[in-house]
1. Can you go through Leu144, Leu134, Leu129 and tell me which one is without any contact (Cβ under 8 Å) to a residue 24 or more places away in the chain and either under 22 Å from Lys17 (Cα atoms) or buried (at least 18 other Cβ atoms within 10 Å of the Cβ) (or both)?
2. On the given criteria, is Gly124 at positive phi and open to solvent by less than 40 Å² (accessible area, probe 1.4 Å)?
3. Need pairs with beta-carbon distance below 8 Å; first residue at pLDDT 95 or above and within the range 45-59, second open to solvent by 80 Å² or more (accessible area, probe 1.4 Å) and among the basic types (Lys, Arg); sequence gap 6+ or separate chains.
4. Please list, ordered by residue number, the strands (runs of 3 or more DSSP E) wholly in the range 148-217 having 3 or more residues that are touching a helix residue (DSSP H, G or I) at 6+ places or on another chain (Cβ under 8 Å) and touching a residue at least 12 places away in the same chain (Cβ under 8 Å).
5. Are any of the residues in the range 96-119 of a type in the set (Val, Ile, Thr), under 25 Å from Thr43 (Cβ atoms), surrounded by fewer than 21 Cβ atoms within 10 Å (Cβ to Cβ) and without any contact (Cβ under 8 Å) to a residue 40 or more places away in the chain?
6. Give the residue, chosen from Ala76, Ala94, Ala82, that is under 19 Å from Met1 (Cα atoms) and not aromatic (Phe, Trp, Tyr).
7. When you look at Leu81, is it under 28 Å from Asp166 (Cβ atoms), touching a residue at least 40 places away in the same chain (Cβ under 8 Å), open to solvent by 30 Å² or more (accessible area, probe 1.4 Å) and of a type in the set (A, V, I, L, M), yes or no?
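The values are calculated or read from the model by the stated rules, or taken from the named source; none is laboratory data. A quick note: this is a predicted structure, and the numbers were derived from the prediction, not measured. Backbone-built Cβ (ideal geometry, glycine too); neighbour counts: all protein chains shown. These accessible areas exclude ligands, DNA and RNA; they are computed on the full protein's heavy atoms, side chains included. Shrake-Rupley method; radii C 1.70, N 1.55, O 1.52, S 1.80 Å.
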Amino acid sequence: MGDSSGDGNDNEKPAHKVSFKHKFALSRYEVTFAQYDVFATQTGRTLPDDEGWGREQQPVINVTWREARAYSRWLAKETQLAYRLPTEAEWEYAARAGTTTNYWWGDKSIPGHSHCTDCGNALGGKQPLTVGSLRPNPWGLHDLNGNVDEWVMDCYTENYHNAKADGTPYQVPGCKNRSMRGGSWFDIKRITRSTSRYRHPPDTKRNSWGFRVALPL
């Protein structure tokens, strides 16, 4: 986990080994408006703004970390399955899909594989794509590099010097910033690397932020 190519920021270092002692799955796609709107309606929440880009199979945007976590908890209750947000280590493991390069397909951005401002798509820098528009990685997961930024469970840390080695989330009381991964349609391609990471307060939202869910197996 972390940058070993030399292309990353300080917050992606040092690269370190993580050994999972648990099995898990990530959703194939980012959570969509169609899915989130059911939750919002059933729980009496305001529907998030789609910015006029459409709902249905568009990835849900304008949701806070707390709202993303609330959705995962609602889904767990509805399905009687232990859905939750992925940990930061789980997310990166899934994005890498067994690779060690900047992206699962190599070290350079390739059109059709990621969606960002300078990734070669006509809608780059303008809006997200419907989920599944990008090629899946070798493990069948879509849109982990670009499209919308994805909230994860962990409290953000400035670097990996004291990183956990078992893939469980880093948590501290009164966490001020939650980690976010993947980059978005709004970002430059460098930000869509599999190791890129950044932070935002858990009660903030933006039209380039979304999430996906994880499931312990």
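1. Testing whether each residue is without any contact (Cβ under 8 Å) to a residue 24 or more places away in the chain and either under 22 Å from Lys17 (Cα atoms) or buried (at least 18 other Cβ atoms within 10 Å of the Cβ) (or both) leaves just Leu134.
2. No, not satisfied.
3. From residues that are at pLDDT 95 or above, the pairs are Pro48/Lys205.
4. Those strands (runs of 3 or more DSSP E) span 149-155, 178-181, 197-200.
5. Checked the range 96-119: no residue is of a type in the set (Val, Ile, Thr), under 25 Å from Thr43 (Cβ atoms), surrounded by fewer than 21 Cβ atoms within 10 Å (Cβ to Cβ) and without any contact (Cβ under 8 Å) to a residue 40 or more places away in the chain.
6. Of Ala76, Ala94, Ala82, the one residue that is under 19 Å from Met1 (Cα atoms) and not aromatic (Phe, Trp, Tyr) is Ala94.
7. Answer is yes for this residue.
Quick grid of which residues meet (1) of a type in the set (Phe, Trp, Tyr); (2) closer than 22 Å to Pro169 by Cβ; (3) surrounded by fewer than 18 Cβ atoms within 10 Å (Cβ to Cβ):
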{"position": "Asn9", "(1), (2), (3)": "no, yes, yes"}
{"position": "Phe20", "(1), (2), (3)": "yes, yes, yes"}
{"position": "Thr32", "(1), (2), (3)": "no, no, no"}
{"position": "Thr41", "(1), (2), (3)": "no, no, yes"}
{"position": "Leu47", "(1), (2), (3)": "no, no, yes"}
{"position": "Arg55", "(1), (2), (3)": "no, no, yes"}
{"position": "Arg66", "(1), (2), (3)": "no, yes, yes"}
{"position": "Ala70", "(1), (2), (3)": "no, yes, yes"}
{"position": "Leu75", "(1), (2), (3)": "no, yes, no"}
